[in-house]
């Protein structure tokens, strides 16, 4: 009898244990992981990497990628004032605590979503970019497909559990790498331990890992009951950068410990020196909703011709032949001529030297002055017809080429005493050509920088100046990703 009771008791304990295991939310989340060499995209380790799982707040990486794209495309500004909707304010935690009708700058919503992982901020970003969260989710999916994330489907901007809202460890690793290379000017936000989110300062959900792991600078945490504890982490040591992704941790401590192992494995397996192969940046913009005309995009067009009025005959103000030729030349012809030799094209000083000054004009007599004796009226003469357009002109005499002068201006934006150097060249023309080519290739980071050639006995240094310390470091990082030598220049 006692043995039967003991057997029943044991059986009851086993059943209770199985029920408890089944009810544990974190334990129910499958484990998946991937380790990638960020420089080349090479996979160093993978486990269940293509299993579709709940990404939780890792979703906000894609939300922010789309927002960064919209800012760069000029669809919206970081200083745009966003009005918070009832839907955004009603999102469950984690949240910033925004109220319906509240107005806040876009930059603060970005910080709150990236650092605090605020769901209300993520929804507000989606609504201001695409008009609704559903439309924004469709743009997220288009972007994911363009990036090569073949097994991800997004239904919302915050990552709260929703049927069909799924991703994989491989896709999230690809997304983390794309954030680093395609939006380096914004990537630093993921390494902040705290930040000003407009209404208050917020602390990073990833601060323990950032503090504990040497070289870690991002990227994003995630947690829901269905997903478990997720993390996409990136770290740099020397010339190596590793990205590790984990789905399904049982706790934040266990997750951080496992990601530490994954990153260490990556640094052991990755070669020290490789050729950086940055991912391509797809051009995915907004798309009109079905049955609508879409957003109105204002396009500014330059006029193709700007004719000058021909002066009246007899006024003594007729321009010289050279100016008439310049007035007859169209913008397309001028651009074609400039493209033939952009470096040797005449500068402002040379153009001023080529165009002779207008003749002086005699002043009219003052109305108070005594009237001159009346002269005998001249016979009536028919007005002189307007001169025909000048077809040819004699080339101006050759002038000695003036010394090229690099003109710089003082920056008033504060802390813009840094710059970058992209090489030393044997001639000034060669340095100027490289500066121009580099500026056109990296408009995103060098648009506001000043091109300057510093000449010395050793050669001609090609520099970009007038940058912040952070901007200079970011520009160098972008150029090095393109295999362009670059070094920062400090003040002084």
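The values are calculated or read from the model by the stated rules, or taken from the named source; none is laboratory data. The model shown is predicted, which means the values in this text are computed figures rather than measured ones. Glycine also receives a Cβ, built like all others from the backbone with ideal geometry; neighbour counts cover every protein chain displayed.
Would you say residue 196 is free of Cβ contacts under 8 Å to residues at least 40 places away in the same chain and farther than 22 Å from residue 253 by Cα?
Taking the combined requirement at face value, the residue does not satisfy it.
Out of (1) surrounded by fewer than 21 Cβ atoms within 10 Å (Cβ to Cβ); (2) in contact with a strand residue (DSSP E or B) (Cβ under 6 Å, 6 or more places away or on another chain); (3) more than 25 Å from residue 131 (Cα to Cα), what's the single condition that is false for residue 176?
The single condition residue 176 does not satisfy is (1).
Restricting attention to strands (runs of 3 or more DSSP E) lying wholly within segment 414-485, give those where 2 or more residues are within 24 Å of residue 276 (Cβ to Cβ) and at pLDDT below 90.
Result: 418-425.
Just to be sure before I move on: is residue 51 surrounded by fewer than 23 Cβ atoms within 10 Å (Cβ to Cβ), closer than 14 Å to residue 230 by Cβ and modelled with pLDDT of 95 or more in the structure I sent?
yes
Among the candidates 55, 92, which residue alone is within 18 Å of residue 157 (Cα to Cα) and touching a strand residue (DSSP E or B) at 6+ places or on another chain (Cβ under 6 Å)?
Of 55, 92, the one residue that is within 18 Å of residue 157 (Cα to Cα) and touching a strand residue (DSSP E or B) at 6+ places or on another chain (Cβ under 6 Å) is 55.
Does residue 66 satisfy the condition of being touching a helix residue (DSSP H, G or I) at 6+ places or on another chain (Cβ under 6 Å) and either over 19 Å from residue 198 (Cβ atoms) or in a loop (DSSP other than H, G, I, E, B) (or both)?
yes
Looking at (1) in contact with a helix residue (DSSP H, G or I) (Cβ under 8 Å, 6 or more places away or on another chain); (2) touching a residue at least 24 places away in the same chain (Cβ under 8 Å); (3) assigned by TED's automatic domain parsing to the domain that holds residue 69, which is the only condition residue 210 fails?
It is condition (2) that residue 210 fails.
Kindly check whether there is at least one residue in segment 202-212 that is over 20 Å from residue 58 (Cβ atoms) and either part of a strand (DSSP E or B) or touching a strand residue (DSSP E or B) at 6+ places or on another chain (Cβ under 8 Å) (or both).
No, segment 202-212 has no match at all.
Each row is one residue, and each column tells you yes or no for (1) surrounded by fewer than 19 Cβ atoms within 10 Å (Cβ to Cβ); (2) at pLDDT below 95; (3) under 24 Å from the mean Cα position of the chain (by Cα).
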site: 171; (1), (2), (3): no, no, yes
site: 180; (1), (2), (3): no, no, yes
site: 208; (1), (2), (3): yes, no, no
site: 212; (1), (2), (3): yes, no, no
site: 216; (1), (2), (3): no, no, yes
site: 220; (1), (2), (3): no, no, yes
site: 229; (1), (2), (3): no, no, no
site: 244; (1), (2), (3): no, no, yes
